[in-house]
């Protein structure tokens, strides 16, 4: 099968198109034909060697939409031909390939109403947004939430999920993305380039931080006592948050098939949609990662693996 492999850590140029064997499945696994995958910051952080030791070579990519090709003898919930999507285990070879082995317990049914290209944009960013808001942030209807970096992969889902939940949704983004974020459901969009923008915000129950650093610290000014900041990066200066009665928590995304099923239901009901900046063929993974690494991508970049679907 065709796959993108990394034989040494480094820049985007280390992504090599290779012919490799189709992997063998274990009894509790499913072989999935990958129709599409998408690019996330974790892809290039691992490629650069920032995420601990890995055996080389390996295949990156941790978003998947595809079709079940074969099932292990212990697998009961899936059969050949089922359309599935997920974020596979990041410790194993990933989805920049025509086939992947996935534990059946990590798979969910793909949303029926969208194609594989759109479905592939959902799992990692969608799960991250969902778990930030609900698993860690305990967001309730009527609360006020502020989403930093709202035009990115995680942010575009977080805005839609929070709106669906009935929250008052505030978002930070550059001015060119304001109208777009209001279309997604943001009640208020703030230009983070404006000096002192933090002083225009008050009484926020929950902040979702995908940026870190100063953005995290400035959030202290407007989170209410009893409020929460959930960050996808490293939580810093816990003590300062504690003094103000604010809960600061980091999060690591987990592959929860109930969450994926809930997201698929919202997509099929027309309440949530993936936002795609570009679709490129698998062979252009290097270009896709370069674009992602530069930041400022609206939504997700998708890699189409299998043609005609």
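The values are calculated or read from the model by the stated rules, or taken from the named source; none is laboratory data. Predicted, not measured: the structure shown is a model, and the values here were computed from it. Please note: Cβ atoms are built from the backbone with ideal geometry, for glycine as well, and neighbour counts cover all protein chains shown.
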Any hit, segment 232-243, residues being touching a residue at least 60 places away in the same chain (Cβ under 8 Å) and in the same structural domain as residue 159 (by TED's automatic domain parsing): yes
Given the criteria over 19 Å from residue 123 (Cα atoms) and either in contact with a helix residue (DSSP H, G or I) (Cβ under 6 Å, 6 or more places away or on another chain) or modelled with pLDDT of 95 or more (or both), does residue 87 qualify? no
Single residue of 261, 186, 239 found to be farther than 30 Å from residue 19 by Cα and part of a loop (DSSP other than H, G, I, E, B): 186
Within segment 1-42, strands (runs of 3 or more DSSP E) holding 3 or more residues that are more than 19 Å from residue 279 (Cα to Cα), assigned by TED's automatic domain parsing to the domain that holds residue 81 and in contact with a strand residue (DSSP E or B) (Cβ under 6 Å, 6 or more places away or on another chain): 29-39
Just to verify a result, which residue in segment 109-132, among those that are out of contact with any strand residue (DSSP E or B) (no Cβ under 6 Å at 6 or more places or on another chain) and not in a helix (DSSP H, G or I), is surrounded by the fewest Cβ atoms within 10 Å (Cβ to Cβ)? 112
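In a helix (DSSP H, G or I), under 27 Å from residue 278 (Cα atoms) and in contact with a strand residue (DSSP E or B) (Cβ under 9 Å, 6 or more places away or on another chain) - does that describe any residue in segment 69-90?
Within segment 69-90, not a single residue is in a helix (DSSP H, G or I), under 27 Å from residue 278 (Cα atoms) and in contact with a strand residue (DSSP E or B) (Cβ under 9 Å, 6 or more places away or on another chain).
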Somewhere in segment 193-205, is a residue within 30 Å of residue 86 (Cβ to Cβ) and either touching a strand residue (DSSP E or B) at 6+ places or on another chain (Cβ under 8 Å) or surrounded by 14 or more Cβ atoms within 10 Å (Cβ to Cβ) (or both)? no
Output the residues belonging to segment 133-151 that are closer than 17 Å to residue 186 by Cα, under 17 Å from the mean Cα position of the chain (by Cα), modelled with pLDDT of 95 or more and assigned to a loop (DSSP other than H, G, I, E, B). 148, 150, 151
Residue among 172, 210 that is crowded, with 18+ Cβ neighbours inside 10 Å, under 26 Å from residue 4 (Cβ atoms) and touching a residue at least 24 places away in the same chain (Cβ under 8 Å): 210
Of the listed residues (249, 257, 215), the one being more than 25 Å from residue 298 (Cβ to Cβ), under 21 Å from the mean Cα position of the chain (by Cα), surrounded by 15 or more Cβ atoms within 10 Å (Cβ to Cβ) and touching a residue at least 60 places away in the same chain (Cβ under 8 Å) is 257
